[in-house]
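> Could you have a look at this structure, given as structure tokens, before my questions?
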Amino acid sequence: MQGTLTEKILAAHVVDGELETGEEIGIRIDQTLTQDATGTTAFLLFEAMGVPRVRTEMSVSYVDHNMSQFGPENHNDHLYLQSVAAKVGAYHSRPGNGICHQVHLERFAAPGRTLLGSDSHTPTAGGIGALAIGAGGLDVSVAMGGGAFYLTSPAVVAVELQGRLSDWVTPKDIILKLLSIMTTRGNVGAVVEYCGEGVASLSVPARATCTNMGAELGVTTSVFPSDEATQAFLAAQERTEQFTALSADADAEYDRITKRLDAEQDAAVIENIRRHCPDAEISEPDDGMVSVSFSRVVIDLSDVVPMAAAPSSPGNVVTITDLAGTKVDQVLIGSCTNSSLRDLMLCAAVLKGRKVHPRVELGIAPGSRQVLKMLVDNGSLGDMVAAGARILECGCGPCIGQGFSPGDGRLSLRTFNRNFAGRSGTKGDKTYLVSPEVAVAAALTGEITDPRKLSAEYPQIQQVEKFLIDDGMITPPLPPDESAKVKIIRGPTIVKPPAGEPLPEKIDGVTVIKVGEKITTDHIMPAGTLLKLRSNVPEYAKHVFAPLNEPGEPTFAERATSVKQAGRCGVIVAGDSYGQGSSREHAALCPMYLGVRVVIAKTIERIHQANLVNFAILPLSFEQAGDYDRIDAGDQLIIENVAEVVGSAETVTVRNTTKDFNFTCRVNLSARQREILAAGGLLNYTRQANQ
Ligand code: MIC
Ligand code: SF4
């Protein structure tokens with residue numbers, strides 16, 4: 001990573017360890033971001049740590065997810081967050097002010113700074129040249145208290161952009177194109193660094209669409225250089241003084257990432273790698289699998305065409321031409337990926353003077369109050385309303401299953417970043433992810449339409465010279481003497497999260513569930529209408545793996561509880577990419593509450609693996625992927641000498657006493673993670689370190 005932009009920012013922030021790819025490092029965090037769905041737990045854990053005041057340059061607490069306020073829980077959360085921010089010296093962005101990533105980009109993110117956020121789309125701020133990383137809430141609490149954030153020194157991959165996008169083709173199509181090359185798998189521990197002459201043609205919000213949805217690649221983060229476009233954006237936000245120019249050296253060295261792909265099933269991906277990665281090395285198939293490695297992806301923007309991610313993964317990328325003519329029932333525009341002023345003005349300009357197709361319901365959620373107020377002032381909102389759009393408040397809304405669930409069998413087209421099965425709130429949903437251009441075209445025609453075929457001029461929306469600045473809904477930190485007088489408001493639904501416990505000397509385990517490949521945190525800990533339970537772990541835990549429960553059968557929570565009551569440990573067995581998607585630590589915290597102490601998977605995604613360790617659950621990976629097939633739910637699994645395993649072992653023998661065989665697992669833990677597990681989780685570890 002020598003000479004890369006990532007290396008430069010990391011080098012300026014490293015406080016522990018050596019900056020060498022694959023090594024664990026601790027970095028200083030300048031800014032933190034939390035949102036209400038993860039923030040209540042993050043602040044409750046921050047309180048439990050006993051640090052009186054945040055020690056970062058700035059910590060901002062946003063309310064944007066839990067906005068529906070059915071029942072008292074959401075408002076209780078909002079009041080808790082507002083009062084605790086005032087108590088501990090954090091900024092507080094009030095409900096209605098906008099989605100955390102959009103507002104942070106507008107008002108706070110700055111080039112060269114480090115940002116840690118308790119939300120997996122925190123890398124959005126990479127669009128302005130910040131090194132922005134998503135993590136579990138407890139990691140963010142530690143950073144708020146001035147502690148370093150630990151990560152694996154990344155492998156930095158270059159994504160070189162050449163040329164310019166054609167009319168009606170957008171940054172969303174760039175990131176979808178990149179997903180068709182890099183996929184959602186095998187990129188753990190990498191950072192995507194954009195470079196090349198094509199970068200200059202993209203504004204900061206356009207870049208932020210790419211870095212936002214970079215989260216779906218499973219990388220640590222994505223980052224753009226800071227240049228004239230960055231300066232123009234900061235000036236338009238009246239933040240010129242926060243500009244610094246930043247870029248990689250001309251002779252920067254990028255790192256290779258290596259992954260294994262299925263020669264048959266992944267044939268299209270392998271072809272894309274061949275076409276777009278000039279230094280690709282692709283092995284001959286062995287047992288049907290090929291090994292591929294590359295350090296550079298080249299995308300000519302003038303070749304990019306309108307794309308979509310088909311159900312039910314952001315990695316199922318197809319072209320709009322393949323889908324043209326498919327009937328559409330719902331179109332939703334917004335989310336932290338595509339709700340900037342430019343995106344919504346574009347939609348308004350296309351809708352102006354036209355009517356939404358009779359079959360289609362169109363919902364639009366502006367990303368922030370700044371965007372909404374400017375749409376009001378320049379007349380765009382009127383054009384949307386006149387066309388028949390339903391306007392939602394500034395927040396996550398339908399992206400996290402809060403409303404607008406599609407009807408049974410109905411096709412939903414969304415400008416969002418995730419289309420995991422059931423995330424919309426409807427079982428068996430058919431959601432496609434597209435650009436605002438494609439979305440608005442379908443809203444008018446009632447079917448998936450290549451926007452280049454619309455009989456409309458492409459509206460040329462230039463970035464404004466001055467955004468409307470009104471931070472009236474962001475409460476700045478109080479001075480310490482005033483903070484001291486604040487009383488934290490704790491409604492009855494705010495329940496202190498349970499602390500972790502050290503692992504027992506011997507794991508006498510029972511496989512409570514065996515799940516398949518690509519299980520996301522939306523499967524483990526569904527959000528939607530259950531979001532309101534985030535600050536009440538005992539209640540929320542009743543819904544662990546709810547989408548996988550069989551009707552009439554005992555639920556996961558019931559099975560895990562009876563294992564726990566029998567004095568035994570719960571074990572989860574999983575396939576590849578376990579814990580994809582969101583940063584929600586409840587996907588570890590709630591299983592821990594139910595007595596789960598071990599997860600054995602083929603592979604575990606970065607943020608989720610860290611969350612498991614933070615809540616004292618032992619993450620293991622199968623040495624032989626085939627052993628996964630030999631285990632069933634209900635099997636008894638024994639691990640002896642747990643202290644030794646946690647202390648230093650690189651592999652461990654697990655005994656399946658039900659099927660009478662032994663198998664080997666890898667213990668992929670850093671020295672620090674081993675100490676955290678030995679202490680019974682990160683909260684205990686931090687408390688001990690602070691004593
Ligand atoms: C998401 O997009 O899945 C969320 C909801 O924003 C999550 C955070 C959460 O679960 O609260 C994320 O991306 O980390
Ligand atoms: Fe909110 Fe959706 Fe963005 Fe997550 S992905 S922060 S739910 S808008």
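The values are calculated or read from the model by the stated rules, or taken from the named source; none is laboratory data. Keep in mind the model is a prediction, meaning the values are calculated, not measured. FYI the Cβ positions are ideal-geometry reconstructions off the backbone, even for glycines, and counts take in every protein chain you see. Surface accessibility is based on the protein's heavy atoms, side chains included, excluding ligands, DNA and RNA. Shrake-Rupley method; radii C 1.70, N 1.55, O 1.52, S 1.80 Å.
> What spacing in nm lies between the two simple spin-label points modelled at Lys506 and Asn641, each 7 Å away from Cα in the Cβ direction?
1.4
> Would you be so kind as to identify which of Asn684, Asn74, Ala574 lies farthest towards the positive end of the dipole of the chain, taking Lys and Arg as +1 and Asp and Glu as -1 on Cβ and the Cα centre as origin?
Value: Asn74.
> Same structure, new question: Tell me, what is the per residue accessible area of region 176-228 in Å², probe radius 1.4 Å?
Value returned for region 176-228: 19 Å² of accessible area per residue.
> In percent, what relative contact order does the chain have, based on Cα pairs under 8 Å that are 6 or more apart in sequence?
The normalised contact order for the chain reaches 14 percent.
> Go through Lys177/Lys430; Lys373/Lys427; Lys355/Lys532; Lys355/Lys453; Lys373/Lys487 and tell me which ones have a Cα-Cα distance over 25 Å in this structure.
Lys373/Lys427; Lys355/Lys532; Lys373/Lys487, as the Cα separations exceed 25 Å there.
> Take peptides 487-499, 378-390, 75-87 and line them up by average Cβ neighbours within 10 Å, highest first, as a rough protection proxy.
75-87, 378-390, 487-499
> How much accessible area per residue does region 343-441 have, in Å², with a 1.4 Å probe?
About 33 Å² of surface per residue is accessible.
> Around Lys659, with a cut-off of 9 angstrom between Cβ atoms, what is the net charge of the other residues, counting Lys and Arg +1 and Asp and Glu -1?
Result for the local shell: -2.
> So, with a 1.4 angstrom probe, what is the percent of accessible area on region 117-209 that is carbon and sulfur?
Summing carbon and sulfur atoms, their accessible area is 47 percent of the total for region 117-209.
> Return, ordered by residue number, the residues of region 300-333 whose backbone nitrogen is under 11 Å from a label point located 7 Å along Cα→Cβ of Lys453.
320-326
> Rounding to the nearest 20 debye, state how big the charge dipole of region 531-576 is about its Cα centre with +1 on each Lys and Arg Cβ and -1 on each Asp and Glu Cβ.
Dipole of region 531-576, to the nearest 20 debye: 240 debye.
> While we're here: What is the extension gain from Ser648 to Ala245, computed as 0.36 nm multiplied by their sequence separation minus the C-alpha to C-alpha distance, in nm to one decimal?
Gain in length upon complete extension: 140.7 nm.
> Counting only protein heavy atoms and using a 1.4 Å probe, what share of the accessible area of region 357-491 belongs to carbon plus sulfur, as a whole percent?
53
> Let me ask something additional. Evaluate the charge dipole of region 501-581 about its Cα centre and quote only its size in Debye, nearest 20, assuming +1 on the Cβ of each Lys and Arg and -1 on the Cβ of each Asp and Glu.
With Lys and Arg at +1 and Asp and Glu at -1, about 140 debye.
> Just want the answer: with Cβ charges of +1 for Lys and Arg and -1 for Asp and Glu, which residue in Phe622, Thr664, His92 is farthest toward the dipole's positive end in the chain?
Positive-end residue among those listed: His92.
> For Gln463 and Asp279 in the same chain, what is the full-extension length gain: residue separation times 0.36 nm, less their Cα-Cα distance, in nm?
62.6 nm
> For Ala566 and Arg666, compute 0.36 nm times the residue count separating them, minus their Cα-Cα distance, and round to one decimal in nm.
Taking 0.36 nm per residue and subtracting the Cα distance, the gain is 33.2 nm.
> May I pose another question? When each pair of different Cα atoms in region 97-218 is counted once in the 1/r mean, what is the Kirkwood radius in angstroms, to one decimal?
Hydrodynamic radius (Kirkwood, Cα only) of region 97-218 equals 15.1 Å.
> Continuing with the same structure: Could you give the nm distance between label points at Glu558 and Thr658, where each point is 7 Å from its Cα heading toward the beta carbon?
1.8
> Now for a separate question. Treating the beta-carbon of each Lys and Arg as +1 and of each Asp and Glu as -1, no other charges, what is the dipole magnitude of the chain about its Cα centre, to the nearest 20 debye?
2100
> If you take the charge dipole of region 449-506 about its Cα centre, with +1 on Lys and Arg Cβ and -1 on Asp and Glu Cβ, which of Pro480, Leu503, Pro451 is farthest toward its positive end?
So the residue we want is Leu503.
> Using the per-residue mean of other Cβ atoms lying within 10 Å as a proxy for protection, in what order, highest first, do the peptides 134-143, 597-606 fall?
Descending packing order for the listed peptides: 134-143, 597-606.
> Counting only DSSP beta bridges with both residues in region 1-139, tell me the antiparallel percent, nearest 5.
Taking every DSSP beta bridge with both residues in region 1-139, the antiparallel ones total about 10 percent.
> OK, next. From the C-alpha gyration tensor of region 483-599, pull out the three semi-axes of the equivalent ellipsoid (sqrt of 5λ each), sorted largest to smallest, in whole Å.
Value: 26, 18, 14 Å, ordered largest first.
> Taking the alpha-carbon distance from Lys259 and a cut-off under 18 Å, which aspartates and glutamates remain once sequence neighbours fewer than 8 residues away in the same chain are dropped?
Counting by Cα, and skipping residues close in sequence, Lys259 has these aspartates and glutamates nearby: Glu216, Glu271, Asp279, Glu281, Glu284, Asp286, Asp287, Glu517, Asp576, Glu605, Glu623.
> With everything on Cα atoms, drop me the angle between helix 73-88 and the longest principal axis of the chain, reported from 0 to 90° to the nearest 10.
Here the helix axis deviates by roughly 90 degrees.
> Further question on the same structure: Give me log10 I(q)/I(0) at q = 0.15, 0.20 Å⁻¹ for region 539-691, Debye formula, one equal scatterer per alpha-carbon, no solvent.
The Debye formula, applied to the Cα set alone, gives -0.80, -1.46.
> Could you tell me what a quarter of the Cα convex hull surface of region 254-371 works out to, in nm² with one decimal place?
Its Cα hull, projected and averaged over all orientations, spans 10.8 nm².
> What is the pair-distance distribution P(r) of region 166-242, computed from all Cα-Cα distances in 5 Å bins starting at 0, with each bin given as a whole percent?
Reading the bins upward from 0: 3, 15, 25, 22, 17, 11, 6, 2, 0.
> Need one number: nm distance between label points at Ala484 and Ser293, each 7 Å from Cα along Cα→Cβ, rounded to one decimal.
Between Ala484 and Ser293, the simple spin-label model gives 5.9 nm.
> Follow-up question, since we're still on this one. Using θ = phi - 60° and the Karplus form 6.51 cos²θ - 1.76 cosθ + 1.60, what ³J(HN,Hα) does each residue of region 638-649 get, whole Hz, x for Gly and Pro?
10, 10, 8, 6, 4, 4, 5, 4, 5, x, 8, 5
> Consider all pairwise Cα distances in the chain and report the whole-number % of them above 50 Å.
The proportion of pairs with Cα distances above 50 Å equals 7 percent.
> Starting with the highest mean, order 508-514, 221-227, 624-630 by the number of other Cβ atoms within 10 Å, averaged over the residues of each peptide.
221-227, 508-514, 624-630
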